[in-house]
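First up is the structure itself, then whatever we jot down about it.
The values are calculated or read from the model by the stated rules, or taken from the named source; none is laboratory data. None of these values were measured; they are calculated from a predicted model. Note that each Cβ is placed from the backbone with ideal geometry, even for glycine, and that neighbours are counted across all protein chains shown.
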Amino acid sequence: MTFRKHNNEELAADPVEQFLADLAPKLPRKKRLDIMTELRSNLRDRVEELEKKGMSPETAARRAVAELGDPVSLAAEYGGGRIIIPSTRYHIFKALVITLVSLHLCASVMATIIDIDLTILFLRIPNLRGLQVYEVVTALATQALADVGILTVLFWWSQLTMPRSLPGRSALPRLVEAKPHWSGLIGPLVVLGIVNIWRNDVLALHMTSSNGWQAVPILADSFVKAYIWPVNLVMLLAIGVHTYKIISNPTAAVAGAEFIYRLAAFVLTCALLGARSPFDLPPGQLDALEPLFTGLFRLGLLATLFATAFAVYRAGARLVSRVR
């Protein structure tokens, strides 16, 4: 017991060891020992260099640690965690998110009052008049998550374009570590956009007639009405979970949220497999394409089912490891 107390006092007195102790849990396990050895050596060399310039040992140690910056951001540079927004900028990010979401919400209310529907670049200000309650909630949640995504991209890009040099290491942009964490958002955003905005443009057959180009929707109305809300729910959950993973530490809460999302995606895939008639093409030549579309649809869902089942297993394993 005395030995442990002595170690704790020694750790508190040494800024280098205290910094490394804070950093260690955030590093990837497989590379943790090598990274800690490298950083400890670099920090000790930097402390000796500063002491030769006349600094006291404690001041030199604190200066060397301060040069490395925030442990969370440093761990992200080594591939540990999913941090894109450093803790030193998180208060700015949070304030901007609240401001942008509030302004977007006020703009939607104003658009509803004056009965117009605006699209400015990639930002949509919807007219909520005449929508059902779940449609209003979906529209507002989608635009709020889009606002969070836009600001996260801006902060992430500023981090990539301002790399920080480390003692004994060359300055490298964090593109390799940061980019894969954003790839998880691409699929849900594309599906959400297609289902709610571009469904009759993308999921349609485009033909020419005497009246010009004509788009024939291929999804049955009954199928859309039955499954659009669970698809929206799962996609919004996916976007929220991936955003949470990007701006948060890899904690048990993040692992639990990911497990819930993966399980919900698995249940949704099973439900879609049970759909009897997802397509409804006009009689005639187009009607003959329905079996082909249905077969391809079910093959895609089967592949998705197996991939989602494996993702549920991996998410569950991560959750168990975090809880332990």
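Out of the residues in the range 269-288 meeting the condition of being over 29 Å from the mean Cα position of the chain (by Cα), in contact (Cβ under 8 Å) with a residue 24 or more places away in the chain and exposed (fewer than 14 other Cβ atoms within 10 Å of the Cβ), tell me which one is farthest from Ala204 (Cα to Cα). Among those residues, the one meeting the criterion is Ser277. Just so you know, in the range 136-161 the residues that are farther than 30 Å from Asn232 by Cβ and assigned to a helix (DSSP H, G or I) include one that is modelled with the lowest pLDDT, and it is Leu160. Residues in the range 106-148 that are farther than 19 Å from Val195 by Cα and surrounded by 15 or more Cβ atoms within 10 Å (Cβ to Cβ): Ala107, Ser108, Ala111, Thr112, Asp147, Val148.
The numbered conditions (1) closer than 28 Å to Gln132 by Cα; (2) modelled with pLDDT of 90 or more; (3) of a type outside the set (D, E, K, R) are all true for Phe259 except (1).
Being at pLDDT below 85, over 28 Å from Gln143 (Cβ atoms) and part of a helix (DSSP H, G or I) is a condition met by at least one residue of the range 244-254.
Here the helices (runs of 4 or more DSSP H) wholly within the range 1-79 that include at least 1 residues being farther than 30 Å from Ile246 by Cα, of a type in the set (S, T, N, Q) and modelled with pLDDT under 75 are 2-13. Just one of (1) modelled with pLDDT of 85 or more; (2) part of a loop (DSSP other than H, G, I, E, B) fails for Cys106. It is (2). Figure legend. Inter-residue proximity from the range 207-225: first residues assigned to a strand (DSSP E or B) and at pLDDT 85 or above, second residues surrounded by 10 or more Cβ atoms within 10 Å (Cβ to Cβ) and aromatic (Phe, Trp, Tyr), beta-carbon distance below 8 Å, spacing 6+ or different chains. Indicated pairs: Leu219/Phe279. Only a single item in (1) buried (at least 17 other Cβ atoms within 10 Å of the Cβ); (2) in contact with a strand residue (DSSP E or B) (Cβ under 8 Å, 6 or more places away or on another chain); (3) in a helix (DSSP H, G or I) is not met by Thr294, and it is number (1). Confirm whether Thr243 is of a type in the set (S, T, N, Q), surrounded by 16 or more Cβ atoms within 10 Å (Cβ to Cβ) and touching a Gly at 6+ places or on another chain (Cβ under 8 Å). Answer is yes for this residue. Looking for something at pLDDT 70 or above and out of contact with any helix residue (DSSP H, G or I) (no Cβ under 8 Å at 6 or more places or on another chain) - is there at least one such residue anywhere in the range 162-182? There is no residue in the range 162-182 that is at pLDDT 70 or above and out of contact with any helix residue (DSSP H, G or I) (no Cβ under 8 Å at 6 or more places or on another chain). Here Arg322 does not fit the description of being under 22 Å from Leu189 (Cβ atoms) and of a type in the set (Lys, Arg). Is one or more of the residues making up the range 296-316 within 21 Å of Val216 (Cα to Cα) and in contact (Cβ under 8 Å) with a residue 12 or more places away in the chain? Yes, the conditions are met somewhere in the range 296-316.
Would you be able to tell me the number of residues in the range 26-62 that are of a type in the set (Gly, Ala, Ser) and exposed (fewer than 15 other Cβ atoms within 10 Å of the Cβ)? Give the derivation first.
Of all residues in the range 26-62, those of a type in the set (Gly, Ala, Ser) come to 41, 54, 56, 60-61.
With exposed (fewer than 15 other Cβ atoms within 10 Å of the Cβ) added as a condition, the list becomes 41, 54, 56.
Residues in the range 26-62 being of a type in the set (Gly, Ala, Ser) and exposed (fewer than 15 other Cβ atoms within 10 Å of the Cβ): 3 in total.
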